[in-house]
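**Q** First the structure, then my questions, so here it is.
Bear in mind these aren't lab numbers, they're just calculated from the coordinates by the rules spelled out. All figures in this text were calculated on a predicted structure; none of them were measured in a lab. Cβ placement follows ideal geometry from the backbone for every residue including glycine, while neighbour counts extend to all protein chains displayed.
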Amino acid sequence: MAQSAKNDQITEEIRQKGWRQGSIITAEQNEVNSLEQMGLVPKDYTHWLLLSHDCDIVHHDFENEPHVEIMAARFVDSSDGNLLHGKNPRRLQLKMGEQWIEFHVGTRKFIERRHLANLAPDRSIALPRDAVQSLAGWVARRYVRVGLPDSFNNRLQVQLKNINKLMAKEGSSICTVYVLLSDDIELPEEKDYRIDIVAAMRDEDHDQTEKRTEVEKALGTFCQVLSKCRGIKVENSQVRPERNISLTDIRYLRRMEFDYMSRSDSDAPPCPRP
């Protein structure tokens, strides 16, 4: 059989298996030995999610698209507000039915795309399509996010524990915290950062008075905590629905990546060896 015809056959087998972005690989649906050979059965992770785009998964040319990208996942007992809506650049929690599933960006790896012809996705579990899109956007943002000045981040450290506790408990309805710095540069110790804070909510959550009030209260507490950091002065704060945040706003606002604000990743399962 010519190589091109063989590739077409493998591609069709992958298509027939129903692989797409967000499909999940589990040992229950596949031979453990086969998964172990690909390094997909680390003891601390139970599932692997296919990250590659649908078009790349069934691309006809294996020379141009030899691999697919996957990421490990595990179910957790409860959510952590620090890890929702992409606030943490290394760990993410998403809702899957009545359960929470957690991803760690350090577990990403590539496997040969041909393997998918001999594997089966677990159809008993599935992330909602919008959750898959959120996961893909979270991974992509890892390469395009804008960092805050080190001297600003360092000043936050004194309130790390309090910020962590607050966001873990009250941050579930906050999609993003943006900061506008008076000086978006490294400042000397004797000069204050004067900042505005914007907490973004999903439109449907913002439209619910109870949720909006909870976030407004949490934002007030958050600003009080920030004000205890020497060299940081909060001048204004507001809660906005995502529909009221424009592209112009995004040019000036800086996303606060809740990495230094979240728990140490030391409590996350170890990343699989490549």
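**Q** Report, ordered by chain and residue number, the aspartates and glutamates lying within cross-link reach of Lys211, taken as a straight Cα distance under 12 Å and ignoring same-chain residues fewer than 8 apart.
**A** Glu170, Asp203
**Q** Also, I was wondering about something else. Toward the positive end of the charge dipole of the chain, about the Cα centre and with charges on Cβ (Lys, Arg +1; Asp, Glu -1), which of Thr213, Ile57, Ser151 goes farthest?
**A** Farthest towards the positive pole: Ser151.
**Q** Taking amide H atoms as placed 1.01 Å from N in the peptide plane, list the residues 5 or more away in sequence, or in a different chain, whose amide H sits under 5 Å from that of Tyr193.
**A** Ile232, Lys233
**Q** Rounded to the nearest 10 degrees, what's the angle between the helix 160-170 long axis and the longest principal axis of the chain, both from Cα atoms, 0 to 90?
**A** On a 0 to 90 degree scale, this one is about 70.
**Q** Gain in length, Met38 to Glu12, computed as 0.36 nm per residue apart minus the alpha-carbon separation, to one decimal in nm?
**A** 7.2 nm
**Q** Using the Cα gyration tensor of segment 54-103, with a ≥ b ≥ c the square roots of its eigenvalues, what is the shape: rounded (a/c below 1.5), prolate (a/b larger than b/c) or oblate (neither)? All intermediate terms of the calculation are to be shown ahead of the outcome.
**A** Working: a/c = 3.51, a/b = 2.55, b/c = 1.38.
The shape class here is prolate.
**Q** For Kirkwood radius over Cα pairs in Å, the listed values are (1) 22.4; (2) 20.7; (3) 19.2; which was obtained by calculation from the structure presented?
**A** Of the listed options (1) 22.4; (2) 20.7; (3) 19.2, (2) comes from this structure.
**Q** Specify the inter-centroid distance of segment 167-181 and segment 1-35, based on alpha-carbon positions, in whole Å.
**A** 40 Å
**Q** How much mean residue ellipticity at 222 nm does the chain get from its helices, if each DSSP H run of length 4 or more adds -39500 (n - 2.57) and you divide by all residues, to the nearest 500 deg cm²/dmol?
**A** That comes out to -9000 deg cm²/dmol.
**Q** Could you pull out the pairs from Lys191/Lys217; Lys169/Lys217; Lys95/Lys161; Lys17/Lys109; Lys161/Lys233 whose alpha carbons sit more than 23 Å apart here?
**A** Lys191/Lys217; Lys95/Lys161
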